[in-house]
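Everything below concerns the one structure shown next.
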Amino acid sequence: SQTIHQWPATLVQPVGSPLSLECTVEGTSNPNLYWYRQAAGRGLQLLFYSVGIGQISSEVPQNLSASRPQDRQFILSSKKLLLSDSGFYLCAWGLKPNEQYFGPGTRLTVT
Amino acid sequence: GNSVTQMEGPVTLSEEAFLTINCTYTATGYPSLFWYVQYPGEGLQLLLKATKADDKGSNKGFEATYRKETTSFHLEKGSVQVSDSAVYFCALSRTGNQFYFGTGTSLTVIP
């Protein structure tokens, strides 16, 4: 069966520091991969999605970036965090259209 | 554009009460519609979905009917339990890769 992992589970970082969040999927090949952010009191915002290695689509221009160095690995990065980057970051995968399975999430607090 | 509007929470109900969480959408064409549930500290889980008008999605006693004439996909359950306490998200997808989520409705069920 397929599983999705995210780490770290929680992270506290100072403003201006870099960020790297990792997401990996097991038990499937060539999944579509997604990064979402859930800010306090708000819904989910799609940040990036990828349909293959090296293929990244950005939904919201900001100081975040994403990379997909391997088929089942999706990384969310920032060179300099802002206070507004605090939130709950969710990775998701799917094989078919209209299919998304979410990971456990990473709680990021920027201080 | 595409968007989802959910009823504001939080919602507090007694055990065995009837639940309705309203969801309306704006989209071009014929989107697929979803309800996701998020338990405390976890990622989102797909609860049910409907892919065309008049379809009824159902799971774990929850139901929602895709109403194109009213652009709605209201979530209902006849008798809620304490274990149903969670945040519920309505979502739509037009292309299969881009999901649009509502802001979520927090439900607390008290014994």
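What to note about this one:
- Prolate/oblate/rounded call for chain B, Cα gyration tensor, a/c under 1.5 rounded: prolate
- Contact order, relative form, for region B:1-54: 31 percent (alpha carbon pairs under 8 Å, 6 or more residues apart, mean separation divided by residue count).
- Radius 14 Å from Cβ of B:Phe101, net charge of other residues (Lys, Arg +1; Asp, Glu -1): +3
- Pairwise label distance in nanometres, A:Thr28 with B:Leu13, each label 7 Å out on the Cα-Cβ vector: 3.0
- Taking the DSSP bridge list for the protein assembly as shown and keeping only pairs wholly inside it, about 90 percent are antiparallel.
- Whether region A:8-77 is rounded, prolate or oblate, judged on the alpha carbon gyration tensor where a/c under 1.5 counts as rounded: prolate
- Spacing of the two label points (7 Å from each Cα toward its C-beta) at A:Ser1 and B:Thr20, in nm: 3.5
- Sorted largest first, extent of region A:60-102 alpha carbons per principal axis (Å): 35, 21, 16
- With kT/(6 pi eta Rh) evaluated at 4 °C and eta = 1.567 mPa s, and Rh the Kirkwood radius from Cα pairs, the protein assembly as shown diffuses with a coefficient of 72 µm²/s according to Stokes-Einstein.
- Each Cα pair under 8 Å and six or more residues apart adds its separation to the average, and for chain A the resulting relative contact order is 36 percent.
- Over chain B, relative contact order from alpha-carbon pairs under 8 Å, at least 6 apart, %: 37
Rule-based calculations on the coordinates, nothing more; no lab input. All of these numbers come straight from a predicted model, not from anything done at the bench. No Cβ is skipped: glycine too gets one built from the backbone with ideal geometry, and neighbour counts run over all protein chains shown.
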